[in-house]
1. Check off (1) in a helix (DSSP H, G or I); (2) β-branched (Val, Ile, Thr); (3) modelled with pLDDT of 85 or more; (4) open to solvent by 90 Å² or more (accessible area, probe 1.4 Å) for Val122 and give me the number that stays unchecked.
2. Just wondering, is there one or more residues in region 136-157 that are under 16 Å from the mean Cα position of the chain (by Cα), among the polar types (S, T, N, Q) and modelled with pLDDT of 85 or more?
3. Out of region 163-175, which residues are modelled with pLDDT of 85 or more and open to solvent by 40 Å² or more (accessible area, probe 1.4 Å)?
4. When both residues are 6+ apart or on different chains and their Cβ atoms are under 7 Å apart, which pairs have a first residue that lies in region 125-147 and is free of Cβ contacts under 8 Å to residues at least 40 places away in the same chain and more than 20 Å from Arg167 (Cβ to Cβ), and a second that is in a helix (DSSP H, G or I) and of a type in the set (Asp, Glu)?
5. As an exercise: evaluate Arg93 against (1) of a type outside the set (Val, Ile, Thr); (2) touching a Ser or Thr at 6+ places or on another chain (Cβ under 6 Å); (3) open to solvent by 90 Å² or more (accessible area, probe 1.4 Å) and give the number of the one condition it does not meet.
6. Residues Arg177, Arg167, Arg150: which one is basic (Lys, Arg), on the phi < 0 side of the Ramachandran plot and not in a helix (DSSP H, G or I)?
7. Identify the single condition in (1) modelled with pLDDT of 75 or more; (2) among the small types (Gly, Ala, Ser); (3) surrounded by fewer than 17 Cβ atoms within 10 Å (Cβ to Cβ) that Gly113 does not satisfy, given that it satisfies every other one.
Amino acid sequence: MAQKIETIVSYVDDVDASLEATTARTFEVGARSYVIDLGEENAARIDADFTEWMTGWRKRTFTYNRKQYTRWLRPDEVERFDAMTSYWTKAARRLKDDETGHDGTPSVDGRSGGPLPTITPVPVQGEAWWMDPPRPLSRETTRRFSEARRAVRDWAKHNGWDDLGTRGIVPRAAYERWVNEVWSTMADPSWESLAEHPPSSGAAKATKPRRRSK
């Protein structure tokens, strides 16, 4: 006679092993996580126990100086906390996505938590000085580098690179020549002096470097 063996797996209540477990609850205490299998009676009991500590309380999570905090507050504490944060958020500047670190925390200056420094591009022969400095960048730094690249583009369009558009990459050779023929010729090189006395756009067009044919 053929025999059929079946294995039946059942779960029992972790509190009272004599009862069948019909549900489970997960919770955390401190840094440790737990799961517990319970019958209907003990499930209702644990719900009541934890609800006692949650009723009337509100959760608030905030980050200050790169450290995150989570607090459960009483109704009167919630009102005081919300009033405090509202006072400061009204005067603060909201950070954009590109002004935050990989972990989502504000990258104000990457080190001290103070305001972002303003960096001015300094043209140097043989170096890619027109490239943006390491992020995060302040708005003023971004503006200054954009204006520097625009100044070189405008000059290059009248001095051998007349096919340059308003966007796209400016050849490195144009930056090198601009440093030699514009920046280095000023008695006291500065962006302020360049703005007051821009180079003449009517200068004779130089021959654009040609690529060697193979």
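1. Against the list (1) in a helix (DSSP H, G or I); (2) β-branched (Val, Ile, Thr); (3) modelled with pLDDT of 85 or more; (4) open to solvent by 90 Å² or more (accessible area, probe 1.4 Å), Val122 comes up short only on (1).
2. First, the residues of region 136-157 that are under 16 Å from the mean Cα position of the chain (by Cα): 136-139, 142.
Within this subset, residues satisfying the condition of being among the polar types (S, T, N, Q) are 138, 142.
Checking the rest, the ones that are also modelled with pLDDT of 85 or more come to 142.
Yes, region 136-157 contains a residue that is under 16 Å from the mean Cα position of the chain (by Cα), among the polar types (S, T, N, Q) and modelled with pLDDT of 85 or more.
3. Within region 163-175, Asp163, Ile169, Pro171, Arg172, Ala173 qualify.
4. Hits for this filter: Pro136/Glu99.
5. Here Arg93 clears every test but (2).
6. Arg167 is the lone residue from the list that is basic (Lys, Arg), on the phi < 0 side of the Ramachandran plot and not in a helix (DSSP H, G or I).
7. So Gly113 meets the others, but not (1).
The values are calculated or read from the model by the stated rules, or taken from the named source; none is laboratory data. Quick caveat, the model's predicted, so the values are computed rather than measured. Ideal geometry is used to build each Cβ from the backbone, glycine not excepted, and the neighbour counts take in all protein chains shown. Heavy atoms of the whole protein, side chains included, go into the accessibility calculation; ligands, DNA and RNA do not. Shrake-Rupley method; radii C 1.70, N 1.55, O 1.52, S 1.80 Å.
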